[in-house]
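Working notes for the structure below.
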Amino acid sequence: MKKLFAAALTVGILAGLVFTPVARAADQFVFAGRGNGHGMGLSQWGAWQGAREGHGFADILAFYYPGATLEKVSDVAGISAPDTVLKVRVSANPPINNATIYSQVTLVPSVTEATLVKHTNGVGDETQVVPVGSLVTLSGSGGKVSVVTDAGATGPYDYVELRPAGANDGTAAGRVAVGLTPKGSSTVHSREYWGIIRVQYGDGQGELWAYNFVPLERYVRSIAEVEYDWATAGGGFYAPEAVKAQAVAARTYALAKGGDTLNDNWADQCYRGHTFEANNPGIAKAADDTAGLILTYQGEPITAYFSGHSGGYTTDSAWSGTKPPYIVARSDPWSLKAPPPGTGKGPGWSWNYTISAASLSSKVNGSLKDISGATVNVGLIGQVDIVARDTADSWSHARQLRITGGGGSATVSVQSFRSLIGSSNLPSTLILSVNGEGGAGEPLVEGEFHDVGADHLYHDQISRVVAAGLMGGYEGGLFKPEGAVTRAQFAKIAVNLYNLLNPGSEIQVVNVTAKPFGDVAIDSLTTGDASDWIAAAKKGGLVAGVTADTFAPYAEIRRDQMTTMICRALGWEDEASALRPATSGFADVPLGSVHYANANYLKEQGVMLGYEGPLGGSLTVLAVDEPIKRQHVAVILCRLLDPAQ
């Protein structure tokens with residue numbers, strides 16, 4: 001099997017460690033993972049990345065639903081579209097407020113007049129024409145629905161419907177403005193819908209439920225499942241093919257329900273009615289551009305699951321029963337690249353969750369079931385191991401955990417564990433490690449990381465600098481490519497760079513007993529702590545303080561400061577000083593800066609390229625005020641290594 005990531009850091013994770021008891025129980029547990037959501041089917045951010053790379057919606061759907069067929073609804077037996085009418089239970093304000101029980105509902109016909117149908121079981125219907133703009137107020141009364149209109153109060157009834165003039169299909173012009181007051185609240189949530197609105201009594205005293213009977217295509221135009229700016233032409237996140245893929249998945253999912261009531265929130269998919277459609281024309285256009293298209297398997301609409309982010313690997317473990325071929329656990333390189341840095345959790349959607357052993361024990365014991373169905377009671381938990389994954393790949397979703405405590409151990413499904421702990425704490429089941437241990441699956445090899453897949457933009461550069469000993473990773477098999485670099489960390493990099501390029505005259509790193517700078521704490525019991533590396537860099541002439549006695553070790557290093565450390569490490573300061581001041585440099589590194597010559601020299605050498613200035617044209621900036629990411633440091637180091645070879 002081709003590997004997207006290859007095996008573990010030398011500090012890292014041997015598969016056998018998972019099954020070896022630890023000498024001391026952990027007092028807390030750190031879960032590190034990627035992704036957001038259940039991870040089955042289409043990954044929305046992965047679809048976005050695929051679209052940005054030039055793939056059409058059909059290709060995106062084929063990747064996420066292998067074996068499914070893209071075809072017209074009209075070609076599927078038993079379905080007549082676009083006039084198929086769906087029944088949707090209406091929430092107060094999805095996805096923010098998912099309340100579905102109301103104390104009062106108001107209805108107002110817009111665009112055209114409407115017929116108010118008041119139904120009593122065993123008796124029949126009363127009808128009343130309601131003009132455009134006229135208010136209908138509904139409230140619960142004795143397990144039924146009471147009605148107030150301009151004509152007065154009537155009822156109570158078993159249910160009431162407001163039906164805009166014309167057929168309930170894609171040709172009707174009428175809509176209904178709805179005001180929803182959740183039980184126990186005074187807030188009114190207002191939206192407008194195509195189709196028919198039904199209000200009926202609920203289970204409790206004075207409770208009302210609301211439903212929208214809406215034609216399929218108008219339903220799809222109002223699906224609010226992707227970031228809105230993906231459908232905004234000219235915007236920085238514009239990805240219309242991803243929005244089209246979502247429209248097809250949403251249409252397919254709705255039809256696969258087979259006429260069952262749809263929820264308009266997380267339980268099915270977020271549907272916000274005509275108001276949303278009017279405010280987001282790009283999403284409605286994607287529905288129109290794919291009108292009637294669905295995914296089928298063996299002639300039936302598939303259950304087209306989708307989630308926010310697969311974490312770089314789709315899963316099949318959330319599916320119960322026999323899995324169809326379109327539900328697969330497979331590597332998803334698009335999702336490893338998305339979202340862009342600075343958006344959400346960045347590429348791969350990495351996350352961490354920490355919980356104390358006492359808190360975890362309190363949650364698990366007596367509440368969680370193991371894989372045999374028995375209640376878990378293991379006492380104070382001291383160890384949590386990943387013992388099974390979807391595939392042999394160590395970056396696939398975790399399937400089972402073994403929880404060990406003073407009273408024994410239990411094997412539990414990760415699905416049930418996540419449900420207990422909460423999806424806000426464990427955003428997905430793609431748990432890469434627990435307290436740094438990766439557990440089941442093939443381990444990583446040195447130079448490879450869970451969060452830097454083979455398709456990562458800077459995979460090769462990161463692997464190269466790690467192999468050269470210039471940079472390293474973190475516990476849990478992570479490199480944290482989006483992370484910043486501190487001055488202390490770059491001092492160590494500078495020493496390693498100097499020693500790599502000057503064999504035989506290396507700068508020695510020794511355990512120092514005196515502070516190299518006033519703000520650098522020493523650890524006289526440890527050789528190789530931050531103070532030792534900073535002292536070595538200072539002794540070798542590679543670094544200077546921000547003042548005579550201050551180094552600011554934990555401040556993020558600036559790009560201009562980095563240019564000076566690099567020139568010192570490579571012995572380029574004389575060449576940099578000899579560079580003519582008129583040489584075109586960086587607009588944000590002025591002539592009077594102590595870093596001016598070094599920054600200009602590295603630009604001339606092609607080491608520091610800079611960015612286009614805010615005014616465009618030939619103006620280039622170094623972006624000195626923006627933190628430099630670890631992945632970019634790796635790229636710069638590779639540029640230094642190439643001419644040195």
Entries of Lys480/Lys539; Lys515/Lys539; Lys257/Lys323; Lys480/Lys629; Lys345/Lys629; Lys118/Lys183 with Cα pairs more than 19 Å apart = Lys480/Lys539; Lys118/Lys183
Can you sort Thr547, Thr315 by 1.4 Å-probe accessible area, starting with the largest?
-> Thr547, Thr315
Rg/Rh (Cα only; Kirkwood hydrodynamic radius) as it applies to the stretch 346-503 | 1.07
Quarter of Cα convex hull surface for the stretch 217-336, i.e. mean projection, nm² | 8.1
Descending Cα extents along the principal axes, the chain, whole Å = 99, 68, 48
What accessible area, in Å² to the nearest ten, does a 1.4 Å probe give for Lys337?
-> 70
Hey, which aspartates and glutamates would be in cross-link range of Lys363, C-alpha to C-alpha under 18 Å, not counting anything within fewer than 8 residues on its own chain?
-> Asp27, Asp385
In the chain, whole DSSP H helices that both stretch 15 Å or further along their axis by alpha carbon positions and average at least 0.0 on the Kyte-Doolittle scale are 240-256, 487-501, 630-644
Dipole magnitude of the chain, debye to nearest 20 (Cβ charges: Lys/Arg +1, Asp/Glu -1, about Cα centre) | 640
Ratio for the stretch 232-296, C-alpha Rg to 2.2 N^0.38 Å, reads 1.17
Reported to the nearest 10 Å², Glu626 has, with a 1.4 Å probe, an accessible area equal to 110
For the stretch 159-204, what Kirkwood radius comes out of the mean inverse Cα-Cα distance, in Å?
-> 12.2
Evaluate the Kirkwood expression for the hydrodynamic radius of the stretch 449-519, namely the inverse of the mean inverse distance over all pairs of different C-alpha atoms, and round to one decimal in Å.
-> 14.1
Give the share of C-alpha pairs in each 10 angstrom bin for the stretch 516-569, from 0 to the last occupied bin, in whole percents, shortest bins first.
-> 24, 56, 18, 1
Given Gly282, Gly236, Gln298, which one lies farthest toward the positive end of the charge dipole of the stretch 213-316, if we put +1 on the Cβ of every Lys and Arg and -1 on the Cβ of every Asp and Glu?
-> Gly282
How large, in Å, is the stretch 493-597 by the Kirkwood hydrodynamic radius built from its alpha-carbon pairs?
-> 15.0
Could you give the alpha-carbon Rg of the stretch 209-254 over 2.2 N^0.38 Å, rounded to two decimals?
-> 1.31
Can you give the FRET efficiency for Glu53 and Ala544, using 1/(1 + (r/R0)^6), R0 = 45 Å, r = Cβ-Cβ distance, to the nearest 0.05?
-> 0.55
To the nearest 0.05, what FRET efficiency results for Ala454 and Glu626 with a Förster distance of 41 Å applied to their C-beta separation?
-> 0.90
Computed accessible area, Ser524, all protein chains, 1.4 angstrom probe, square angstrom = 70
With T = 10 °C, eta = 1.306 mPa s and Kirkwood Rh from C-alpha pairs, the Stokes-Einstein D of the stretch 137-269 in µm²/s is about 93
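The values are calculated or read from the model by the stated rules, or taken from the named source; none is laboratory data. Quantities reported herein were computed from a predicted structural model and do not represent experimental measurements. For neighbour counting, all protein chains shown are included, and Cβ atoms are generated from backbone atoms with ideal geometry for every residue, glycine included. These accessible areas exclude ligands, DNA and RNA; they are computed on the full protein's heavy atoms, side chains included. Shrake-Rupley method; radii C 1.70, N 1.55, O 1.52, S 1.80 Å.
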